[in-house]
1. Given the -39500 (n - 2.57) contribution per DSSP H run of 4+ residues, what per-residue ellipticity at 222 nm results for the chain, rounded to the nearest 500 deg cm²/dmol?
2. Probe 1.4 Å, all protein chains in place: accessible area of Ile10 in Å², nearest 10?
3. In what sequence, largest accessible area first, do His146, His122 appear using a 1.4 Å probe?
4. Roughly how far apart, in whole Å, are the Cα centres of segment 1-72 and segment 99-155?
5. Taking H placed 1.01 Å from N in the peptide plane, check which residues at least 5 places from Ser24 or on another chain put their amide H under 5 Å from its amide H.
6. Checking understanding here: applying a Kyte-Doolittle mean of at least 1.0 and a length along the axis of at least 18 Å (C-alpha), which whole DSSP H helices in the chain pass?
7. Excluding ligands, DNA and RNA, what is the solvent-accessible area per residue of the chain at a probe of 1.4 Å, expressed in Å²?
8. What ratio of Cα Rg to 2.2 N^0.38 Å holds for the chain?
Amino acid sequence: MAVGYFASPIGLLEVRGDRDEVTSIRFVARAEEAADTAADAVHICLRQLEEYFQGKRTAFQVPLKRTGTPFQRQVWSRVETVPFGRTAVYRDIAASLGRAGAVRAVGSANGQNRFAIVIPCHRIIGSDGSLRGYAWELWRKEWLLHHERRVTGSFLS
């Protein structure tokens, strides 16, 4: 298992994985072990994160090792379809999965996302347009949304 770190404008990102897949991308307070970015997937992910923060990348092609319940994986797959610079609401994600009453379950699944930024759970907002829940703190969610809107020149959801 390899680990690499990327110092983003909103905090240190830790990327874990092996040669073939990334197993997690998360914000951490500090590097807890020496970086070993020899694994291909970790190296690819670090490069793409850098491009994202530079405004040069709007979509990721990172091989992810997805684990979770079938419902969580459905939610994450749907969240990945929300375009860069845009937002969607929890209710619409639930409805698109044929589970209109599962709004809280969608929020819970989003909270279990282990792939910060790459699975863009930061793009999911409340139906009233408010920012709700983000495992890595709401100020980061707000920053990421502003960053994407700056890159695209879009100020509407």
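The values are calculated or read from the model by the stated rules, or taken from the named source; none is laboratory data. Remember, it's a predicted structure, so these values are computed and weren't measured experimentally. Cβ sites come from the backbone with ideal geometry, for glycine too, and all protein chains shown count toward neighbours. Keep in mind that these areas ignore ligands, DNA and RNA; they rest on the heavy atoms of the full protein, side chains included. Shrake-Rupley method; radii C 1.70, N 1.55, O 1.52, S 1.80 Å.
1. On the way: 5 runs with 55 residues, N = 157.
Roughly -10500 deg cm²/dmol at 222 nm, from the helical runs in the chain.
2. 0 Å²
3. Numbers: His146 95, His122 0 Å².
I get His146, His122, largest accessible area first.
4. So the separation of the two Cα centres works out to 18 Å.
5. Arg16
6. none
7. Values: 7920 Å² over 157 residues.
Result: 50 Å² per residue.
8. 1.01
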